[in-house]
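Data block below; observations after.
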Amino acid sequence: MKLLDKKEIKKIIEELKDYYGVKELSLDYAFIKNNDNKIHIISNDFKKLNTKDLRINGLGLYFLDVSKGLRLSIEGSQIIGKKATKNIHELNNEELKDWLRGYDLDCDDIYGYKLIKNKNDFYGIGFASNNKIKNFIPKSRRIKNV
């Protein structure tokens with residue numbers, strides 16, 4: 001795991017602001033990247049700990065996967081979504097049920113990652129291509145009966 005410096009954090013935040021149309025985004029956290037290029041966020045108090053001798057596999061809140069663009073986690077979509085103005089796909093209640101079950105959705109959205117929204121809530125990220133939005137909800141977090 002690697003603690004990102006201010007320059008790397010600023011780059012990630014600027015990319016998120018640009019892609020999702022966020023005007024102001026203040027994420028006052030330590031950003032940690034693991035070997036799979038997944039970014040976790042944790043309180044800045046973490047920096048005060050002496051972690052040199054610790055073997056840590058996971059820490060903080062999983063926020064973003066940077067290995068494939070700006071693929072936010074479900075929690076990441078909830079943090080960014082409330083401030084986003086673009087790349088949002090609105091679901092009706094029936095589509096939301098399918099989404100929570102793990103199904104891909106039909107859409108006419110242009111290519112790229114989309115925040116999935118129903119009313120005022122965000123439910124993760126999907127990838128739009130070929131008139132579909134691919135669902136990234138892990139099997140362990142899917143709902144069987146909605």
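The rows are residues; the columns are (1) part of a loop (DSSP other than H, G, I, E, B); (2) on the phi < 0 side of the Ramachandran plot; (3) at pLDDT 95 or above; (4) not charged (D, E, K, R).
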residue	(1), (2), (3), (4)
G58	yes, yes, no, yes
D109	yes, yes, no, no
I116	no, yes, yes, yes
I137	yes, yes, no, yes
I143	yes, yes, no, yes
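Would you confirm whether or not the stretch 111-118 contains a residue that is farther than 30 Å from Y29 by Cα, out of contact with any Lys or Arg (no Cβ under 6 Å at 6 or more places or on another chain) and touching a residue at least 12 places away in the same chain (Cβ under 8 Å)? So far as the stretch 111-118 goes, yes, one or more of its residues are farther than 30 Å from Y29 by Cα, out of contact with any Lys or Arg (no Cβ under 6 Å at 6 or more places or on another chain) and touching a residue at least 12 places away in the same chain (Cβ under 8 Å). Restricting the first member to the stretch 1-30 and to residues that are at negative phi, and the second to residues that are of a type in the set (F, W, Y) and not in a loop (DSSP other than H, G, I, E, B), the beta-carbon pairs closer than 6 Å and six or more apart or on different chains are L4/F31; I9/F31; A30/F46. Here's a check for you: in the stretch 60-102, which residue that is in contact with a Leu (Cβ under 9 Å, 6 or more places away or on another chain) and of a type in the set (F, W, Y) is nearest to Y19 (Cα to Cα)? Among those residues, the one meeting the criterion is F63. Within the stretch 94-108, the set of residues being in contact with a strand residue (DSSP E or B) (Cβ under 7 Å, 6 or more places away or on another chain) and surrounded by fewer than 18 Cβ atoms within 10 Å (Cβ to Cβ) comprises D98, G102, Y103, D104, D106, C107.
The values are calculated or read from the model by the stated rules, or taken from the named source; none is laboratory data. Just so you know, these numbers come straight off a predicted model, no measurement behind them. Here the Cβ is made from the backbone with ideal geometry for all residues, glycine too, and neighbour counts use every protein chain on show.
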